[in-house]
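Input: a single structure, listed below in structure tokens.
What follows draws every value from the coordinates through simple rules; no lab data is involved. Please read these numbers as outputs of a predicted model, since none were measured by experiment. Every residue, glycine among them, receives a Cβ derived from its backbone with ideal geometry; neighbour counts consider all protein chains shown.
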Amino acid sequence: MTLIAVLSGDGIGPEVTAQARRVLEAVDAGLQFEEAPVGGAAYLETGLPLPPQTLDLAKRADAVLFGAVGDPKFDALARAFRPEAAILGLRKELGLFANLRPAKLFPGLEDASTLKREVAEAIDLIIVRELTGDVYFGEKGQRRTEDGRRQGYDVMSYGEDEVRRIARIGFETARTRGGKLCSVDKANVLETSQLWRDVVNEVAGDYPDVALSHLYVDNAAMQLVRDPGQFDVIVTGNLFGDILSDQASMCAGSIGMLPSAALNGDGKGMYEPIHGSAPDIAGRGKANPCAAILSAAMLLRHSLARGEDAGRVEQAVARVLADGARTPDLGGELSTEAMGDRVVNALG
Ligand SMILES: NC(=O)C1=CN([C@@H]2O[C@H](COP(=O)(O)OP(=O)(O)OC[C@H]3O[C@@H](n4cnc5c(N)ncnc54)[C@H](O)[C@@H]3O)[C@@H](O)[C@H]2O)C=CC1
Ligand SMILES: CC(C)CC(=O)C(=O)O
Ligand SMILES: [Mg+2]
């Protein structure tokens, strides 16, 4: 029996996750699903954003299908109780250090991209984002300086082992694609980045067949909109990867199009769209479910070793988009559920 934990969360999380689950059910009626509350929904139910029974389910399951967490109504809570603590906790507890975020333009979405058609057409890259380190997990807090002023701090740090293992994922990913890896850092200013760059260069010795380059993150952000076709695989830290992937999503037409896989290097994975809970459109059937559906395809490929089924789902999404199916973010009028219907029907 294959068990999928479904943690759909807040805002549009449940709306898009429902469509991803339907697609998985259409691919294999034998998959078992178990749902558990997470994020703001879990806080309201249990007083905790990541209750022990939810974490236990995520650990027991063969894979986790995750929606999104967060809502402004929880902003005043202490950090440990905010919905976002749940996703950071899951990533840490499950050891999901490698986040794959593919960005490519599906044929038909050229006009949805913020880039000129001929520039947009070339985007087909994967951001390999480190996911359990960096400022998100360093010491943090607020304090008073000696003169009584408030100060906030978040410590950015990386150990060499953390950099080495994500660099290896970057090189291995590049090997399966175009053989090009671009490491993104801020080594002209940050010690963390200098270590990052040194370690990536050391690991490169094991991958002479991969062409390695380095970019500072500010330049990388600019290059991503100037000429995204130059990138094959980008490997970068947690913070930079978070920001660059949202940016890459608009090159590919919408933040509602980008899926992700968070992996522990041993088959365990959590699969989620890169977007958040989108409180501005939640509850109105306006969310694009494609990112969640494509995340389900990544689940099939990476946790269930069912690459052929993953390809079927990706082709179904490509087919309905080529036929003109569009949610509002892509300039259309289809509801979240209607878009899910189209993809399920295209699966045949
Ligand atoms: N993985 C997660 O659970 C994440 C959670 N968040 C949380 O989500 C909440 C909202 O954050 P925001 O900064 O507004 O980012 P967001 O990604 O939720 O939304 C940004 C913009 O993109 C639009 N958008 C997002 N997903 C869409 C989709 N599938 N279809 C159509 N439009 C879509 C939204 O309507 C909004 O205008 C916050 O509480 C934040 O902390 C943010 C990012 C990731
Ligand atoms: C709550 C955030 C750390 C999640 C996020 O923005 C992301 O992983 O893309
Ligand atoms: Mg993000």
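Across 10 Å bins from 0, what is the distribution of all Cα-Cα pair distances for the stretch 1-148, in whole percents?
Once binned at 10 Å, the Cα pair distances of the stretch 1-148 give 10, 29, 32, 21, 7, 1, 0.
Rounded to whole Å and sorted largest first, what semi-axes of the equivalent ellipsoid does the C-alpha gyration tensor of the chain yield via the square root of 5 times each eigenvalue?
In descending order the semi-axes read 29, 26, 20 Å.
Note down the nm distance, to one decimal, between modelled labels 7 Å out along Cα→Cβ at Asn188 and at Glu160.
2.7 nm
Give me Rg/Rg_expected for the stretch 98-263, where Rg uses Cα atoms only and Rg_expected = 2.2 N^0.38 Å with N residues.
1.11
Mind checking the full-extension length gain between Ile243 and Glu35? Use 0.36 nm per residue of separation minus the Cα-Cα distance, one decimal, nm.
Between Ile243 and Glu35, full extension yields 71.9 nm more.
Under the √(5λ) rule applied to the eigenvalues of the Cα gyration tensor, what semi-axes describe the equivalent ellipsoid of the stretch 151-225? Give them in Å, descending.
23, 16, 10
If the only charges are +1 at each Lys and Arg Cβ and -1 at each Asp and Glu Cβ, what is the size of the charge dipole of the stretch 127-185 around the Cα centre, to the nearest 20 debye?
260 debye
Take the chain, connect every pair of alpha-carbon atoms lying under 10 Å apart with a spring to form a Gaussian network, then pick out the residue of Arg79, Arg149, Arg164 with the largest mean-square fluctuation.
Highest fluctuation among the options: Arg149.
Name the residue from Pro107, Gln151, Leu190 whose Cα lies farthest towards the positive end of the charge dipole of the stretch 84-237, charges +1 on Cβ of Lys and Arg and -1 on Cβ of Asp and Glu.
Most positive-ward Cα: Gln151.
Check every DSSP H run in the chain and write down those whose alpha carbon atoms cover 15 angstrom or more along the long axis and whose mean Kyte-Doolittle hydropathy is -1.0 or greater.
What comes out of the filter, once short or polar helices are dropped, is 13-27, 160-175, 191-204, 238-251, 290-302, 307-322, 336-347.
Roughly what % of DSSP beta bridges within the chain run antiparallel, to the nearest 5?
40 percent
I want to verify a result. In a Gaussian network model of the chain, Cα cutoff 10 Å, which of these has the top mean-square fluctuation: Met270, Met156, Met250?
Met156
Rounded to the nearest 500, what is the chain's calculated 222 nm mean residue ellipticity when only DSSP H runs of at least 4 contribute -39500 (n - 2.57) each, over all residues?
Counting only the DSSP helices, I get -12500 deg cm²/dmol.
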